[in-house]
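Undergrad: Structure incoming, see below.
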Amino acid sequence: MVNTLIRLGTKDDYPFILNSWTNQQVHIYPNNYSFQYKAKLQTSLLHLLNKSIVLVLHEESSEVEIVGYLVYGSFLDRQVIHFGYVKHDARREGQLTKLMQFSNPDKKTIVFTYPAKNENLMKVLCDRYIFDPSVLGVI
């Protein structure tokens with residue numbers, strides 16, 4: 001298990017966040033067939049990052065060794081999670097849960113706006129939380 005700490009994200013973290021987030025979304029059907037999807041997505045994600053709170057989970061020994069992150073905000077007394085990511089080696093360790101609990105101490109209802117790449121994970125997330133990408137239209 002990786003020992004981690006949480007900090008606020010900075011603009012220095014954006015290249016890693018944009019790259020990993022885009023790589024997850026571009027492989028979701030039918031995004032992979034959309035003309036210039038990757039470039040258009042990165043533009044909209046950068047806009048969203050600038051309007052969101054970013055938490056970064058990093059190795060305890062180094063603030064620059066990113067293990068994962070959570071991009072979120074709030075709307076109508078709900079937590080709106082745009083995307084959460086944890087590197088492959090640290091998955092199944094509760095690292096994303098750690099970020100979500102830290103970001104939502106009042107246990108507000110969670111709405112998420114971007115789908116997970118894994119269909120089985122999407123089923124689990126939709127059982128627990130509200131999936132509503134239309135929220136992006138009001139942010």
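Undergrad: Which of the lysines could a cross-linker span from LYS123 if the Cα-Cα distance has to be under 26 Å and same-chain partners fewer than 8 positions apart are dropped?
TA: LYS38, LYS87, LYS98, LYS107, LYS108
Undergrad: Here is a follow-up. Would you indicate which of (i) 2, 9, 18, 21, 18, 12, 8, 6, 3, 1, 0, 0; (ii) 2, 9, 15, 17, 14, 10, 8, 8, 8, 5, 3, 1, 0, 0, 0; (iii) 2, 9, 20, 24, 22, 16, 6, 1, 0 is the value of P(r) over Cα pairs in 5 Å bins from 0, in percent derived from the coordinates of this structure?
TA: Checked against the structure: label (iii).
Undergrad: Go through LEU136, GLN95, ILE17 and say which Cα lies farthest out towards the positive end of the charge dipole of the range 4-138; charges sit on Cβ, +1 for Lys and Arg, -1 for Asp and Glu.
TA: The one lying farthest along the dipole's positive direction is LEU136.
Undergrad: Another question, then. Based on DSSP H runs of at least 4 residues, each adding -39500 (n - 2.57), what is the mean residue ellipticity at 222 nm of the chain after dividing by all its residues, to the nearest 500 deg cm²/dmol?
TA: For the chain, the value works out to -10000 deg cm²/dmol.
Undergrad: If you place +1 on the Cβ of every Lys and Arg, -1 on the Cβ of every Asp and Glu, and leave all else neutral, what size is the dipole of the chain about its Cα centre, to the nearest 20 Debye?
TA: The calculation lands at about 380 debye.
Here, each number is a calculation from the coordinates, and none is a lab measurement. Here the structure is a predicted model, which is why all the values come from computation and not from measurement. Heads up, the Cβs are rebuilt from the backbone with ideal geometry, glycines too, and the neighbour counts pull from every protein chain shown.
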